[in-house]
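Q: The structure is given below, and queries will be raised subsequently.
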Amino acid sequence: MALERTLSIIKPDATRRNVTGGINAVIEKSGLRIVAQKRIQLTENQAKAFYAVHAERPFYNDLVQFMVSGPVVVQVLEADNAVLKYRDVMGATNPANADAGTIRAEFAESIEANSVHGSDSLENAAIEIAFFFSGCEITG
Ligand code: ADP
Ligand code: MG
């Protein structure tokens with residue numbers, strides 16, 4: 001197994017409820033290391049660009065408005081097999097379908113306000129990490 005990095009976002013529903021520490025505890029307990037982290041307010045243009053892949057989906061505009069509705073915490077997570085590992089730790093997109101013990105089962109409010117984002121492939125992880133972080137902001 002290869003050491004990988006993936007991009008995580010703790011979404012505005014979670015920062016609003018002050019549960020970023022609880023989510024980080026689940027992340028760290030799973031063996032993922034938080035090797036970079038910052039709390040930021042996304043602009044509308046940044047949210048649109050980040051989710052451009054979903055531009056044709058009916059929920060795109062609502063998703064962009066949700067993502068700018070409060071601060072987010074963007075993170076780089078590192079572990080063996082980090083991309084798939086974090087998808088497992090996050091749980092299903094719709095929290096109603098998320099396995100017990102996953103972040104979304106424990107923290108998410110709805111299919112939109114589902115507390116966390118995680119990259120869906122190693123290729124997209126590299127693109128998404130570069131969207132938010134420069135090399136010197138990431139440590140081991
Ligand atoms: P995931 O975050 O699990 O990779 P997607 O990439 O399919 O899921 O969707 C990106 C985000 O868009 C989701 O995390 C969620 O916030 C929102 N979303 C997805 N599907 C819906 C939907 N049917 N209605 C509203 N929002 C949605
Ligand atoms: Mg996705």
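Q: So how do Thr43, Thr102, Thr20 rank on accessible area, 1.4 Å probe, biggest first, that is with the largest at the start?
A: Ranked list, largest accessible area first: Thr43, Thr20, Thr102.
Q: Among Phe50, Ile40, Met1, whose Cα projects farthest towards the positive end of the dipole of the range 1-99, with charges put on the beta-carbon of Lys, Arg (+1) and Asp, Glu (-1)?
A: Projecting each Cα onto the dipole axis, the largest value belongs to Ile40.
Q: Rg and Dmax of the range 2-41 over Cα atoms: what are they, in angstrom?
A: 11.0, 35
Q: Here's a follow-up. Considering only C-alpha atoms, what is the centroid distance from the range 1-30 to the range 107-132, in Å?
A: So the separation of the two Cα centres works out to 10 Å.
Q: Here is a follow-up. So, with +1 on the Cβ of K and R and -1 on the Cβ of D and E, and no other charges, what is the size of the charge dipole of the range 1-112 about its Cα centre, to the nearest 20 debye?
A: Value, rounded to 20: 280 debye.
Q: Further question: Kindly give the semi-axes, whole Å and largest first, of the ellipsoid equivalent to the chain, taking each as the square root of 5 times a Cα gyration tensor eigenvalue.
A: Each semi-axis is the square root of five times an eigenvalue, giving 21, 18, 15 Å.
Q: Modelling each spin label as a point 7 Å along the Cα-to-Cβ direction, I'd like the Asp88/Glu112 distance in nm, to one decimal.
A: 3.2 nm
Q: Something else now. Could you compute how much accessible surface Arg17 exposes when probed at 1.4 Å, giving the result in Å² to the nearest 10?
A: 90 Å²
Q: Let me ask another. Got a sec? What order do Ile9, Ile138 fall in by accessible area at 1.4 Å, biggest, i.e. largest, first?
A: So, going from the largest accessible area down, we get Ile138, Ile9.
Q: Using the Kirkwood radius over Cα pairs, work out the Stokes-Einstein diffusion coefficient for the range 81-140 at 37 °C and 0.692 mPa s, in µm²/s as a whole number.
A: 263 µm²/s
Q: Using alpha-carbon pairs under 8 Å, 6+ residues apart, how would you state the relative contact order of the range 64-130 in percent?
A: 26 percent
Q: Which of Phe50, Phe59, Phe107 ends up with the largest GNM mean-square fluctuation for the chain, with Cα atoms connected below 10 Å?
A: Among Phe50, Phe59, Phe107, the largest mean-square fluctuation in the Gaussian network model of the chain belongs to Phe59.
Q: Which residue fluctuates most in the GNM of the chain (Cα springs below 10 Å): Pro95, Pro58, Pro12?
A: Ranking Pro95, Pro58, Pro12 by mean-square fluctuation puts Pro58 first.
Q: For the range 110-119, take each phi angle, set θ = phi - 60°, evaluate the Karplus expression 6.51 cos²θ - 1.76 cosθ + 1.60, and give the result in whole Hz per residue in order, putting x for glycine and proline.
A: In residue order, the calculated couplings are 6, 4, 7, 8, 10, 6, 9, 10, x, 4 Hz.
Q: Please give every one of the lysines within straight-line cross-link reach of Lys85, meaning a C-alpha to C-alpha distance under 23 Å, and leave out same-chain neighbours fewer than 8 residues apart.
A: Here the lysines satisfying the reach criterion relative to Lys85 are Lys11, Lys29, Lys38.
Q: Taking amide H atoms as placed 1.01 Å from N in the peptide plane, list the residues 5 or more away in sequence, or in a different chain, whose amide H sits under 5 Å from that of Ala92.
A: Placed amide hydrogens put Ala98, Asp99 under 5 Å from Ala92.
The values are calculated or read from the model by the stated rules, or taken from the named source; none is laboratory data. Note that the coordinates shown come from a computational prediction; the quantities given were computed from them, not determined experimentally. Please note: Cβ atoms are built from the backbone with ideal geometry, for glycine as well, and neighbour counts cover all protein chains shown. The protein model used for the area step is the full one, side chains on, heavy atoms only, and it has no ligands, DNA or RNA in it. Shrake-Rupley method; radii C 1.70, N 1.55, O 1.52, S 1.80 Å.
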